[in-house]
4 protein chains.
Amino acid sequence: MDMIIVMKSSATAEDEQSVVERIRELGLTPHPSRGEFRTIIGAIGQKTPLLQQQLEQLAGVDEVMAITQPYKLASREFHEADTILDIEGIRVGGPHVNIIAGPCAIESREVLFDVARAVKEAGASILRGGAFKPRTSPYSFSGMGKTGLEILKEAGEAYDMPTITEVVDPRDVDVVYQYADIFQIGARNMQNYNLLLEVGRTDKPVFIKRGLAASITELLMSAEYVLSQGNHRVILCERGIRTFADEVRFTLDVSAVPVIQERSHLPVFVDPSHAAGSAISCRNWRWRGSRPVRPGRSSRFTVAPIGLCATVRRRCCPTTS
Amino acid sequence: MDMIIVMKSSATAEDEQSVVERIRELGLTPHPSRGEFRTIIGAIGQKTPLLQQQLEQLAGVDEVMAITQPYKLASREFHEADTILDIEGIRVGGPHVNIIAGPCAIESREVLFDVARAVKEAGASILRGGAFKPRTSPYSFSGMGKTGLEILKEAGEAYDMPTITEVVDPRDVDVVYQYADIFQIGARNMQNYNLLLEVGRTDKPVFIKRGLAASITELLMSAEYVLSQGNHRVILCERGIRTFADEVRFTLDVSAVPVIQERSHLPVFVDPSHAAGSAISCRNWRWRGSRPVRPGRSSRFTVAPIGLCATVRRRCCPTTS
Amino acid sequence: MDMIIVMKSSATAEDEQSVVERIRELGLTPHPSRGEFRTIIGAIGQKTPLLQQQLEQLAGVDEVMAITQPYKLASREFHEADTILDIEGIRVGGPHVNIIAGPCAIESREVLFDVARAVKEAGASILRGGAFKPRTSPYSFSGMGKTGLEILKEAGEAYDMPTITEVVDPRDVDVVYQYADIFQIGARNMQNYNLLLEVGRTDKPVFIKRGLAASITELLMSAEYVLSQGNHRVILCERGIRTFADEVRFTLDVSAVPVIQERSHLPVFVDPSHAAGSAISCRNWRWRGSRPVRPGRSSRFTVAPIGLCATVRRRCCPTTS
Amino acid sequence: MDMIIVMKSSATAEDEQSVVERIRELGLTPHPSRGEFRTIIGAIGQKTPLLQQQLEQLAGVDEVMAITQPYKLASREFHEADTILDIEGIRVGGPHVNIIAGPCAIESREVLFDVARAVKEAGASILRGGAFKPRTSPYSFSGMGKTGLEILKEAGEAYDMPTITEVVDPRDVDVVYQYADIFQIGARNMQNYNLLLEVGRTDKPVFIKRGLAASITELLMSAEYVLSQGNHRVILCERGIRTFADEVRFTLDVSAVPVIQERSHLPVFVDPSHAAGSAISCRNWRWRGSRPVRPGRSSRFTVAPIGLCATVRRRCCPTTS
């Protein structure tokens, strides 16, 4: 990929077609990505000296960029300043530090309200809860589905927190859109490209968790899938990688945070819950986070913030993404 | 999971309901999985001495098993003999050795026919070709889609080989079913559970590639998803794992083959194409496979069989699953 | 290993011999480890009910322990309270937080004094500097040897800091002992058992860095080598492990700290210098350490404390252990 | 490193000194490595156009090479043809396939003779046996030492096989030299540079096992240490790397063989014994090696040849290098 041509949101289908044809005439291969809000056209091939200027003069073209990284819209080259999102009044990214907390799976209205109150008191600003759960075993509880989403929405409103929940199937994007404020893409779906394209066609924030063997480049390429569809509200999350070290479930790659921040403008969260491993091996776990850890009144969960942000998770939940 | 109750294919909805209720009365939690051909009911909880006999006497129950592994239907405990599949006359599994070969992506009718002839001559018995390609970059060619499937079907018929192609979206299962003989689940979708459930509801073989950081147990759990829906025609594939060693793209985990064969009755293939890395680092690659390697007349592909089986892949293709 | 018998420091050779014979009579195999200060005798074999009492009554026996872990003297089972060392007036371990800082390799008296002053001002309490350098390449500078040790000792005295330096060869233990206050065992020598035995026969602290693919158990077993010789002044160090993630040179395994603290009483340090990777990828590296980071006046080094402690290292130094 | 200057074996100390001075005058830094048989001088710095010719004209200089790899003498650039060693009449390297076999540790004369006869019958051409054992635990049997070496020498003579044994301490090089035909450097000592230098000063072959997290480049750098001292009889060995996959003890990196063969002229062996894991997980282990596997008459060991060569190892031995 040598260039990306960002079309204006006001560009017409004819403008697009002209750009595509011009790219072909110049001996390059066009790759249009039509998002809900604007179209981006990749142009692959041998770059000629005046190419950039030639393309910039075409009708409907907003910007033309030569980008050296495989990810384009996710890169700092494309967008130098930190992206700061406003999610129902909560500011995410740049200097803002947020805690996302809540149960792994929504099990009942009562429990979720109980947890929501506790995490709110403990300083969380966004409520999480799983309604569609990707489970290693087909025989495990796979979530309450739409009923869970309804409960999550209610709890978020009751405790004044925006909500986040995982979506695992492109066919569920619509229903999740109706109830939650942020789409979570789990680690095991980080490269489920059709799912990424589907949430990329909406206007709600997408929280992408790093795959358990994904490089930073691959994580940013997954962000690119969402961004390429016109949805620029992407949040990234380091959650631990799979290594030979088996004392805890995953090895938290703390260096991922500065590496991502250097390469991308997108907000980064850290989810230490998988890397914190089992309850037993966490006994001496003492993180000095960015805000005081006030243990919730319920003993069912731990708050373990490091770096920028964290999720809170009940211990009962052995396999999540 | 303590037990699985396999219902007869003739069992009625009432039979099922009775078993579910009986499980509850016994203080266990029932987890029915309704496949197209039969229902399997998991029963989690404290096992009592006579439990197995009690459940076996219920109407519609075929078998009740206590299985120690997290995977049940995929385990040798459940099915001791090797599973041998008949795929359009080709026998797969047990002592049978097959070579799956073909291009990464179908690019044109002409090229695919050319490749099909070459790999047939080189000893391949199943033709592969990608129509829906999962690509790291949203700007890359993502396959010809349905047109590609049509070409694949034609080529398979012309050269008398069953065909395999990747499916990446549960919404594409129907169209792929119409054209191909085997569903391929790529490494990046190994834990795309809804996709696994969808192909599990069909009667065509499912070829599951090991995720790049998946344990053998996780691979077998993915097989379990398909099996739990009543589709027992599952094939597994080792294709290299992600490790610190970066001289080649992936580290082929050769020991996975005997480990899988010990734990499961399902057929296993090896795909050495990713682990063989770049063309440059393959110069001295000399495998002594199970059948003589006859280099195809086209220099566009390598045949690199090890262990049981292999795919053939064109060099042009940097990122596949 | 079922038991370890700790002999009193006043035990005679005859006492030892009696214990060894008694162990044999009981059908076990004795494994005496004679340290400078006391002898420890392992007894492997089938444990009988009264074994512990029988052995405890023998002359010269201080304590008899059945320990379930492969490491014995390093375990919390053996020594419940945190070990706190006094190194030339500096307290290390338990609640004490120290910073070890200094150049990778000692290059000249002038530079080392310059660095020593800067790191002292920046809050370091122990001075490091390499005189014997393990280098990946035989053609690289391998350190100033004894001259370097003399400079290090002088600089430590001038700035009132105890000193630490790496020892790589059992034949160098004597000369390093004369000049430095702490022996450093590098990651590549973590399982150089004869070297561990040699420093275990001295009375100076031994700082063991985790091997780049070592498990926590293996790290504690290396500590056990030193402890088994009677030298109880062992310090452990997490410095990053080798994983697939290649954005930085090593992945700092932050969870190693609480895991070690749970299993062992020994002090733990963290060396973030390898994991911080290259200068380029550290640009956004912002650790909130346990004490304010005051940048030294020299731009030649970074101070990057996390967790308990850290080393400071010049950037010029691509390959150390 | 830009250049290496290989001195003639007839070069005098004065010749050497002149070259060193000339290198300094040219603005480069000289790094002489004096082997027993010849001296090699590295020259680091900015290369000027006529440099190579200027250095080649100096007295005593045999050859001057600009080598792009960090390893020089180990590279194919330095020595294009396969190195083939003659070890007591056994040819190793190039097309020759050998099996090294024998017990992990020598336990008694009787057992070793028993094993030697069995492995000879099974096709082994070189006898292995450990006299100095690196053990994870200080309480484990660490070998019979010199007595073991004597038994090994006798058994090798009795069954007409050259012998290989591990050396773990530079102080033991002399005694091992007296008894064994090949020095084995274990995986845990692959970067014990002083040990490598010491065996590099002898004229007996050195068999270097890849460290469990070592890259191919690091393995070749360790070979370079031996080669730089004038001992050109180096053999490399892939024995499995540490990865997340824990079904077997180590993941055999089969691709290491062609990668090494491409980059280096040195012979390569494969030791599958660690990667074959536990007896339990090997039940279905069926390698089609380069020669028929005749199971020894003793059930105490397996012969598991793949690729080029293999060692045979008794099952009793959980931790070796």
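This table checks each residue for (1) touching a residue at least 60 places away in the same chain (Cβ under 8 Å); (2) out of contact with any Pro (no Cβ under 7 Å at 6 or more places or on another chain).
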| position | (1), (2) |
| --- | --- |
| B:P30 | no, yes |
| B:I41 | no, no |
| B:Q53 | no, yes |
| B:E63 | no, yes |
| B:L73 | yes, yes |
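For every residue, the table says whether it meets (1) part of a loop (DSSP other than H, G, I, E, B); (2) acidic (D, E); (3) open to solvent by less than 40 Å² (accessible area, probe 1.4 Å).
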position	(1), (2), (3)
C:R24	no, no, no
C:I40	no, no, yes
C:M65	no, no, yes
C:T68	yes, no, no
C:R117	no, no, no
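Filtered by the rule that a residue be in contact (Cβ under 8 Å) with a residue 60 or more places away in the chain and either within 14 Å of chain B (Cβ to nearest Cβ) or more than 19 Å from the chain's Cα centre (by Cα) (or both), the range A:152-166 gives a lone residue, A:E166. Between A:L219, A:L308, the distinction of being modelled with pLDDT of 50 or more and in contact with a strand residue (DSSP E or B) (Cβ under 8 Å, 6 or more places away or on another chain) belongs to A:L219 only. Of the listed requirements (1) within 14 Å of chain B (Cβ to nearest Cβ); (2) farther than 27 Å from A:F250 by Cβ, A:Y193 misses just one: (2). For the range D:257-275, filtered to residues that are aliphatic (A, V, I, L, M) and more than 7 Å from chain B (Cβ to nearest Cβ), the residue that is farthest from D:G94 (Cα to Cα) is D:V270. Looking only at residues in the range A:202-228 that are polar (S, T, N, Q) and crowded, with 24+ Cβ neighbours inside 10 Å, the one that is farthest from the other protein chains (Cβ to nearest Cβ) is A:S222. Number of residues in the range D:206-224 that are charged (D, E, K, R), under 12 Å from the mean Cα position of the chain (by Cα) and under 18 Å from C:L212 (Cα atoms): the value is 2. Exactly one residue out of C:L112, C:L149 is open to solvent by less than 50 Å² (accessible area, probe 1.4 Å) and under 20 Å from the mean Cα position of the chain (by Cα), and it is C:L149. Looking at the range D:152-166, which of its residues are open to solvent by 20 Å² or more (accessible area, probe 1.4 Å) and within 18 Å of D:S108 (Cβ to Cβ)? Matches in the range D:152-166: D:K153, D:E154, D:E157, D:A158, D:Y159. Against the condition within 14 Å of chain A (Cβ to nearest Cβ), surrounded by 15 or more Cβ atoms within 10 Å (Cβ to Cβ), outside any strand (DSSP E or B) and not small (G, A, S), how does B:L73 come out, does it pass? Answer is yes for this residue. The single condition among (1) surrounded by fewer than 16 Cβ atoms within 10 Å (Cβ to Cβ); (2) closer than 30 Å to B:T163 by Cβ; (3) without any contact (Cβ under 8 Å) to a residue 12 or more places away in the chain that B:S9 does not satisfy is (3). C:S281 - would you say it is closer than 25 Å to C:G123 by Cβ, touching a Ser or Thr at 6+ places or on another chain (Cβ under 9 Å), modelled with pLDDT under 95 and in a helix (DSSP H, G or I)? In short, yes. For A:M65, the conditions (1) touching a strand residue (DSSP E or B) at 6+ places or on another chain (Cβ under 7 Å); (2) at pLDDT 90 or above are fulfilled apart from (2). Among residues of the range A:26-38 being more than 14 Å from chain B (Cβ to nearest Cβ) and open to solvent by 90 Å² or more (accessible area, probe 1.4 Å), the one that is nearest to A:V199 (Cα to Cα) is A:E36.
Only one of the listed residues (A:I40, A:I84) is within 24 Å of A:R263 (Cα to Cα) and more than 20 Å from the chain's Cα centre (by Cα). That residue is A:I40. Out of all the residues in the range B:14-25, is one or more within 16 Å of A:S137 (Cβ to Cβ) and either aromatic (F, W, Y) or more than 28 Å from the chain's Cα centre (by Cα) (or both)? No, the conditions are met nowhere in the range B:14-25.
Yes/no per residue for (1) aliphatic (A, V, I, L, M); (2) not in a helix (DSSP H, G or I):
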site: C:F207; (1), (2): no, yes
site: C:L212; (1), (2): yes, yes
site: C:S222; (1), (2): no, no
site: C:V226; (1), (2): yes, no
site: C:L236; (1), (2): yes, yes
site: C:I260; (1), (2): yes, no
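Taken together, the residues in the range D:191-201 that are open to solvent by 10 Å² or more (accessible area, probe 1.4 Å), in a helix (DSSP H, G or I) and farther than 22 Å from D:L152 by Cβ amount to 3.
Inside the range D:191-226, residues that are without any contact (Cβ under 8 Å) to a residue 60 or more places away in the chain and closer than 23 Å to D:E77 by Cα make up a count of 13. Out of the residues in the range A:124-151 meeting the condition of being more than 24 Å from B:H31 (Cα to Cα) and not in a loop (DSSP other than H, G, I, E, B), tell me which one is nearest to the other protein chains (Cβ to nearest Cβ). Across the range A:124-151, the extreme among qualifying residues is A:R128. Taking the range B:167-190, which residues are within 14 Å of another protein chain (Cβ to nearest Cβ), without any contact (Cβ under 8 Å) to a residue 60 or more places away in the chain and crowded, with 23+ Cβ neighbours inside 10 Å? Correct list: B:V167, B:V168, B:D169, B:V176, B:I185, B:M190. Among the residues of the range D:230-254, the ones that are polar (S, T, N, Q) and surrounded by fewer than 24 Cβ atoms within 10 Å (Cβ to Cβ) come to 1 in all.
The values are calculated or read from the model by the stated rules, or taken from the named source; none is laboratory data. Owing to the predicted nature of the structure, the values given are computational and were not obtained by experimental measurement. When we count neighbours, we look across all protein chains shown, and the Cβ atoms used for this are built from the backbone with ideal geometry, even at glycine. For the accessible areas, the whole protein counts, side chains as well, though only heavy atoms, and no ligand, DNA or RNA atoms are used. Shrake-Rupley method; radii C 1.70, N 1.55, O 1.52, S 1.80 Å.
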